[in-house]
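Beneath this line is the structure, given in structure tokens, with notes to follow.
The values are calculated or read from the model by the stated rules, or taken from the named source; none is laboratory data. Just so it is clear, the model here is predicted, and its values are computed rather than measured. No Cβ is skipped: glycine too gets one built from the backbone with ideal geometry, and neighbour counts run over all protein chains shown.
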Amino acid sequence: MALSRRLTMSDSGFVFDPVTGNSSTVNHIGLAILRQLRQDSDVKRAVAVLQQDFDVASFVAERDVIEFTSMLRNQFR
Amino acid sequence: MTAGATVTVAVTGMNALPDNPGPGVAVARCLREAYGDRVRIVGLSYDALDPGLYLHEYCDAAHLLSYPRNGAAAMLARLTEIHATEQIDVLIPCLDSELPAMVDLAPTLLEMGIRTFLPDAEQLERRAKDRLPELSEIAGVLCPQIRRLTSPGFFETCEQDGWDYPMVVKGVFYDAKVVHNPDEAATAFHMISSQWGLPVIAQRYIAGEECNLTAVGDGKGNLLGEVMMKKRAITAKGKAWVGTAIHDDVLAATARQLVAAINWKGPLEVEVMRDVKGEYHLIEINPRFPAWVYLSHGVGRNLPALLLELALGHEAPELSPPQPGVMFIRYAQETIVPLAAFEALMIDGKRTQSYEG
């Protein structure tokens, strides 16, 4: 996901887009998804990492990743 | 600037009004930050109540000018008087409305010993609001369609010609109103034409986010020191109150194309709308620094200082890389003015004595 590589983020969950100047905050789960997508843009692998790290069912992790990436696109388009 | 040398720089546009400030104070502040006491700043303005004239930390002296509507001859006569007192080395005009006269006067000013770094009359004309689509086509940049209007009748029938509301109604020098119906459009037309004259310009509305870029054109087709800003909060007049430095290579490339197309010389502000697809549409090119130019100092790219070096015939200094995320927040404060300072500007049109506010 090209957008996640563009964004800068800090441990506090503050996210900034240097291209649009928009900023937002994310919680620790959102931060984990962003960091994973920044390393590896494959959404399926992000779901697997989230499922493992947060000990949730696969469908829950998948729903969270899809919802979160959709929200990100709206916020930072 | 040579170490130890002092340069006298005259800066116009000291009308630092809280909701719609002129750029002069920000330019003076940038110069003071860059050079300290090695620059002597002469503030120039048109009204004895313009706040910048009394900010002694930025203006070592202050003078009133003849309004641009009085013509270039009156402007020259007044600048000649001021030059006799102040021995100006460089003049930085900061207002759109005075640029045509200043550009005409630039060769005469140079003979008097006053340097400028300005476009020529043709370059100035080619970035005018009513010629933007023409320039954009040459530069390969998107730009909304415009119409030059001399009467408000257009707004009654425009929808039949495919001009849907909302649209933007603009003055040739200043002011822009987004209008949503013929009544609002006619009101905006009359208000803007009474203040700024004809023609009034109708521009198609682009939905998106406004981004601005300021830089200096070197007159050889190169764009120097671009600083980009996204407004985060605005005043009732739509001026930036909070802004964030951004950086987008696409926007920088857009500005480079525009500057190269006219070999722009001098400061400029490029105003664009970024649409939902992330494409930039050119809205305006202002032939001067914007009021938010102090941000350029904040991101290590002090553009007024860069301009001063170029005006003095020096090489452009090295600039820091862009620093997206740096913000400015504008605020209003009072300055204390002795009656004698106000009296001097009212009676003599000048304040040459320094004072502590």
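Output the number of residues of region B:168-197 satisfying the condition of being part of a loop (DSSP other than H, G, I, E, B) and modelled with pLDDT under 90.
From region B:168-197, those part of a loop (DSSP other than H, G, I, E, B) are B:171-175, B:180-181, B:197; that's our starting set.
With modelled with pLDDT under 90 added as a condition, the list becomes B:172-175, B:197.
Looking only at that region, the number is 5.
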Tabulated pairs, region B:154-167, first at pLDDT 90 or above, second of a type in the set (A, V, I, L, M) and not in a loop (DSSP other than H, G, I, E, B), C-beta under 6 angstrom, 6+ apart or interchain
B:PHE155/B:ALA185; B:PHE155/B:ALA186; B:PRO166/B:VAL178; B:MET167/B:ALA202
Among the residues in region B:299-308, are any in a loop (DSSP other than H, G, I, E, B), in contact with a His (Cβ under 6 Å, 6 or more places away or on another chain) and more than 26 Å from B:TYR46 (Cβ to Cβ)?
no
Mind listing whichever residues of region B:280-298 are buried (at least 22 other Cβ atoms within 10 Å of the Cβ) and assigned to a helix (DSSP H, G or I)?
B:TYR294, B:LEU295, B:SER296
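Take B:LYS230 and decide whether it is under 30 Å from B:ASN181 (Cα atoms), assigned to a strand (DSSP E or B) and either modelled with pLDDT of 95 or more or more than 12 Å from chain A (Cβ to nearest Cβ) (or both). Don't jump to the end; show me each part of the working.
Values: under 30 Å from B:ASN181 (Cα atoms): yes; assigned to a strand (DSSP E or B): yes; either modelled with pLDDT of 95 or more or more than 12 Å from chain A (Cβ to nearest Cβ) (or both): yes.
It is true that B:LYS230 is under 30 Å from B:ASN181 (Cα atoms), assigned to a strand (DSSP E or B) and either modelled with pLDDT of 95 or more or more than 12 Å from chain A (Cβ to nearest Cβ) (or both).
Listed here are the residues, each with its yes/no results for (1) in contact (Cβ under 8 Å) with a residue 12 or more places away in the chain; (2) buried (at least 20 other Cβ atoms within 10 Å of the Cβ); (3) of a type in the set (Gly, Ala, Ser).
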{"site": "B:VAL9", "(1), (2), (3)": "yes, yes, no"}
{"site": "B:GLY22", "(1), (2), (3)": "yes, yes, yes"}
{"site": "B:LEU31", "(1), (2), (3)": "yes, yes, no"}
{"site": "B:ARG38", "(1), (2), (3)": "yes, no, no"}
{"site": "B:CYS59", "(1), (2), (3)": "yes, yes, no"}
{"site": "B:ALA73", "(1), (2), (3)": "no, no, yes"}
{"site": "B:ARG78", "(1), (2), (3)": "yes, no, no"}
{"site": "B:GLU98", "(1), (2), (3)": "yes, yes, no"}
Of everything in region B:274-325, what is touching a Phe, Trp or Tyr at 6+ places or on another chain (Cβ under 9 Å) and free of Cβ contacts under 8 Å to residues at least 60 places away in the same chain? Give them in sequence order.
B:GLY298
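Can you work out which of the residues in region B:233-266 that are in a helix (DSSP H, G or I) and in contact with an Asp or Glu (Cβ under 7 Å, 6 or more places away or on another chain) is farthest from the other protein chains (Cβ to nearest Cβ)? Full working, then the answer.
The initial filter retains those residues of region B:233-266 that are in a helix (DSSP H, G or I), namely B:249-262.
Filter once more, so that each one left must be in contact with an Asp or Glu (Cβ under 7 Å, 6 or more places away or on another chain): B:252, B:255.
Values: B:ALA252: 11, B:ALA255: 15 Å.
Here the residue is B:ALA255.
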Would region A:31-54 turn up any residue that is touching a strand residue (DSSP E or B) at 6+ places or on another chain (Cβ under 9 Å), over 28 Å from B:TYR280 (Cβ atoms), away from chain B (no Cβ under 12 Å) and in contact (Cβ under 8 Å) with a residue 12 or more places away in the chain?
yes
Scan region B:274-311 residue by residue and report those that are acidic (Asp, Glu), away from chain A (no Cβ under 13 Å) and in contact with a strand residue (DSSP E or B) (Cβ under 7 Å, 6 or more places away or on another chain).
B:GLU284
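If the requirement is being of a type in the set (Asp, Glu) and assigned to a helix (DSSP H, G or I), which of these qualifies: B:GLU156, B:GLU210? Lay out the reasoning, then the answer.
Numbers: B:GLU210 fails: assigned to a helix (DSSP H, G or I).
Residue meeting the stated conditions: B:GLU156.
Looking only at region A:8-23, count every residue that is under 19 Å from B:MET229 (Cβ atoms) and surrounded by 15 or more Cβ atoms within 10 Å (Cβ to Cβ) and tell me the total. Working first, answer last.
From region A:8-23, those under 19 Å from B:MET229 (Cβ atoms) are A:8, A:16-23; that's our starting set.
Now drop any that are not surrounded by 15 or more Cβ atoms within 10 Å (Cβ to Cβ), which leaves A:16-23.
Qualifying residue count, region A:8-23: 8.
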With the requirement that a residue be aliphatic (A, V, I, L, M) and either part of a loop (DSSP other than H, G, I, E, B) or within 14 Å of chain B (Cβ to nearest Cβ) (or both), what does region A:1-30 give you?
A:MET1, A:ALA2, A:LEU3, A:LEU7, A:MET9, A:VAL15, A:VAL19, A:VAL26
Restricting the search to region B:30-86, which residues are basic (Lys, Arg) and either touching a Leu at 6+ places or on another chain (Cβ under 6 Å) or part of a helix (DSSP H, G or I) (or both)?
B:ARG32, B:ARG38, B:ARG69, B:ARG78
Of (1) within 30 Å of A:ASN22 (Cα to Cα); (2) away from chain A (no Cβ under 14 Å); (3) modelled with pLDDT of 95 or more; (4) not in a loop (DSSP other than H, G, I, E, B), B:PRO107 satisfies all except one. Which?
(1)
